[in-house]
Amino acid sequence: MANAFVEELRWRGMVHDIMPGTEEQLDKEMTSAYIGFDPTSDSLHIGSLVPIILLVHLEKAGHRPVALIGGATGMIGDPSGKSDERNLLDEATLNNNVAGIKSVLSRFLDFNSTAKNAPVLVNNYDWMKTFSFIDFARDVGKRITVNYMMAKDSVKKRLSGEEGNVGMSFTEFTYQLIQGYDFYHLHKTMNCKLQMGGSDQWGNITTGTELVRRMNVGDDKAKAYAMTCPLITKADGSKFGKSEGGNVWLDIDKTSVYKFYQFWLNSSDEDAEKYIKIFTFLDKETIDALVKEHKENPGFRALQKRLAEEVTTFVHSKEALDNAIKASGILFSKDFKNEIRELDERLFLDVFEGVPQAEVSMDKIEAGLDMIAALSAETDFLGSNGEARRALKENSVSVNKDKVTDAYTITTEDLINDKYIVINRGKKSTFIIKAI
């Protein structure tokens, strides 16, 4: 029998592998299911949105989501999908990362809820910190054979010597056992019966289901299940979750709301059709209608706009979305001069990221900066004073989007955020003067 939660994920393209019996377990009772988050940084990027959304869907379906932060496993590093050994983090860095990830997860899952299926947050360091090596080797290590561990893809690829792989340390080899023990511990203490994750985690997850079975010999009720979702890829084959500036993070301190919104807005047609199913909670009817609308008028980019709106609101807020939309349209605004002054400095710099800048002393602006100096002598925006004069005669120069002549003088009245001036030559060339 198909389970409603799993069916919801299926039409969204979010099911890769699922262990037999999983859907029957979800139909039988409220089920606790967990996903692990590696504390490799003090925040999470948009690649982690998929597991977060899986947990939100699980909660909406009436089951109990468990978010596990790998305070212990983070000390080792997951070898899955890696061609070489990770750098080990020191304890202070790790603790800082764990705190940061807790903060991010708390925005999407209410760990203070009193509902029957209230989300739970755990850290595997809490139960691994007192586990001695000898006890672990005796109680856990003897349950799983080396042959079984060697058969996992994450191990085989690292030992194959292909694609730049450089082997695997004993430390990383034990990772799947420690992660497997997490599943056993949560099964034993919280009756957690399902682990979910990306498709590259299938080997680690099934090691956990096997450990649950082998460490509960004679207990017919000791059932554990696994489900994975596909790894997200972009249509052009490039890595998902990265922009030209690097990772796209879920924290505003690392990726501004404007840049976050722009990332989704700039999705290709093919990617937007896939992403809107995975990264939003819009129902099938709404999404099908958006896809139809987009195909009838692709130039309007209805899919990208709705995708960017939904994800930005989910991760940040409606207010943050409104500001991002306003900033996105400001370059084409008829009231540019006033609207640009409403942006804070960070948002201003985001909007004009990559635009050439030149610094001019505040004294010269207070005294009045003539346009020839502003275009050439003081800034080198244009190649010569003669080129600056020609541009001004052609009526192609504007200051803060207002056309100016060679008679215009830049003063402090032109400053945006008491610091910046936007100069345009025609429609394609933009420059920023920064008063210092």
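Any chance you could count how many residues in the range 301-316 are in a helix (DSSP H, G or I) and either at positive phi or β-branched (V, I, T) (or both)?
Of all residues in the range 301-316, those in a helix (DSSP H, G or I) come to 302-315.
Filter again for either at positive phi or β-branched (V, I, T) (or both), leaving 311-313, 315.
Residues flagged as in a helix (DSSP H, G or I) and either at positive phi or β-branched (V, I, T) (or both) within the range 301-316 amount to 4.
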Original post:
Does at least one position in the range 1-11 carry a residue that is open to solvent by less than 10 Å² (accessible area, probe 1.4 Å) and in a strand (DSSP E or B)?
Top reply: no
Subject >> Residues of the range 150-166 satisfying the condition of being open to solvent by less than 20 Å² (accessible area, probe 1.4 Å) and modelled with pLDDT of 70 or more >> reply: V155
**OP:** Scan the range 413-436 for residues that are over 19 Å from I372 (Cβ atoms) and in contact with a helix residue (DSSP H, G or I) (Cβ under 6 Å, 6 or more places away or on another chain) and report the count.
**Re:** 2
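Mind listing just one residue for me: the one in the range 100-140 that is of a type in the set (G, A, S) and part of a loop (DSSP other than H, G, I, E, B) and, of those, nearest to the chain's Cα centre (by Cα)? Working first, answer last.
Looking only at the range 100-140, we keep the residues that are of a type in the set (G, A, S), and these are 100, 103, 106, 113, 115, 118, 132, 137.
This time we only want the ones that are part of a loop (DSSP other than H, G, I, E, B), so: 106, 113, 115, 118, 132.
On the way: S106: 15, S113: 25, A115: 28, A118: 24, S132: 36 Å.
So, considering only residues that are of a type in the set (G, A, S) and part of a loop (DSSP other than H, G, I, E, B), the one nearest to the chain's Cα centre (by Cα) is S106.
What is the residue count in the range 217-236 for residues that are open to solvent by 20 Å² or more (accessible area, probe 1.4 Å) and either of a type in the set (A, V, I, L, M) or in contact (Cβ under 8 Å) with a residue 24 or more places away in the chain (or both)? Let's see the steps before the verdict.
Just the residues of the range 217-236 that are open to solvent by 20 Å² or more (accessible area, probe 1.4 Å), to begin with: 217-221, 223, 225, 230-236.
When the remaining residues are screened for being either of a type in the set (A, V, I, L, M) or in contact (Cβ under 8 Å) with a residue 24 or more places away in the chain (or both), the result is 217, 223, 225, 230-232, 234-236.
Final tally of qualifying residues: 9.
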Subject >> Top-ranked residue in the range 119-160 [being touching a strand residue (DSSP E or B) at 6+ places or on another chain (Cβ under 7 Å) and among the aliphatic types (A, V, I, L, M); ranked as nearest to S32 (Cα to Cα)] >> reply: V120
Original post:
Which pairs do you get when a residue that is closer than 14 Å to F348 by Cα and open to solvent by 50 Å² or more (accessible area, probe 1.4 Å), found in the range 316-338, comes within reach of a residue that is modelled with pLDDT of 85 or more and not in a loop (DSSP other than H, G, I, E, B), reach meaning Cβ atoms under 7 angstrom, with the pair 6+ apart or on two chains?
Top reply: N323/V257; K337/D402
Original post:
Within the range 129-149, restricting attention to residues that are more than 21 Å from G70 (Cα to Cα) and of a type in the set (S, T, Y), which residue is least open to solvent (accessible area, probe 1.4 Å)?
Top reply: Y148
Original post:
Quick one: how many residues across the range 252-309 are under 19 Å from L331 (Cβ atoms), open to solvent by less than 20 Å² (accessible area, probe 1.4 Å) and of a type in the set (G, A, S)?
Top reply: 2
Subject >> Subset tally (residues that are open to solvent by less than 20 Å² (accessible area, probe 1.4 Å), more than 14 Å from T22 (Cβ to Cβ) and not in a helix (DSSP H, G or I)) for the range 184-197 >> reply: 0
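Against the definition (within 19 Å of Q25 (Cβ to Cβ), in a helix (DSSP H, G or I) and modelled with pLDDT under 90), how does R213 come out, yes or no? Please lay out each step first, then the result.
Values: within 19 Å of Q25 (Cβ to Cβ): yes; in a helix (DSSP H, G or I): yes; modelled with pLDDT under 90: yes.
Answer is yes for this residue.
Say whether the condition of being in a loop (DSSP other than H, G, I, E, B) and open to solvent by 60 Å² or more (accessible area, probe 1.4 Å) is met by at least one residue in the range 358-377.
Within the range 358-377, the first condition is being in a loop (DSSP other than H, G, I, E, B), and the residues that meet it are 361, 368.
Next, only the ones that are open to solvent by 60 Å² or more (accessible area, probe 1.4 Å) stay: none.
Within the range 358-377, none of the residues are in a loop (DSSP other than H, G, I, E, B) and open to solvent by 60 Å² or more (accessible area, probe 1.4 Å).
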**OP:** Determine the pairs where a residue that is under 23 Å from G180 (Cα atoms), located within the range 144-165, has a partner that is surrounded by fewer than 18 Cβ atoms within 10 Å (Cβ to Cβ) and modelled with pLDDT under 70 with Cβ atoms under 6 Å apart, the partner being 6 or more residues away or on another chain.
**Re:** R158/N165
**OP:** Collect the residues in the range 251-283 that are over 15 Å from W11 (Cβ atoms), in a loop (DSSP other than H, G, I, E, B) and of a type outside the set (S, T, N, Q), keeping them in residue-number order.
**Re:** D251, I252, D253, K254
**OP:** Only residues that are open to solvent by 30 Å² or more (accessible area, probe 1.4 Å) and either closer than 21 Å to T313 by Cα or at pLDDT 95 or above (or both): list them for the range 93-111, please.
**Re:** K102, S103, S106, R107, D110, F111
Original post:
Taking into account only those residues within the range 23-64 that are of a type in the set (G, A, S) and in a helix (DSSP H, G or I), which is surrounded by the fewest Cβ atoms within 10 Å (Cβ to Cβ)?
Top reply: G47
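The values are calculated or read from the model by the stated rules, or taken from the named source; none is laboratory data. A quick note: this is a predicted structure, and the numbers were derived from the prediction, not measured. Cβ: placed from backbone, ideal geometry, glycine included. Neighbour counts: every protein chain shown. SASA here: full protein model, heavy atoms, side chains in, ligands and nucleic acids out. Shrake-Rupley method; radii C 1.70, N 1.55, O 1.52, S 1.80 Å.
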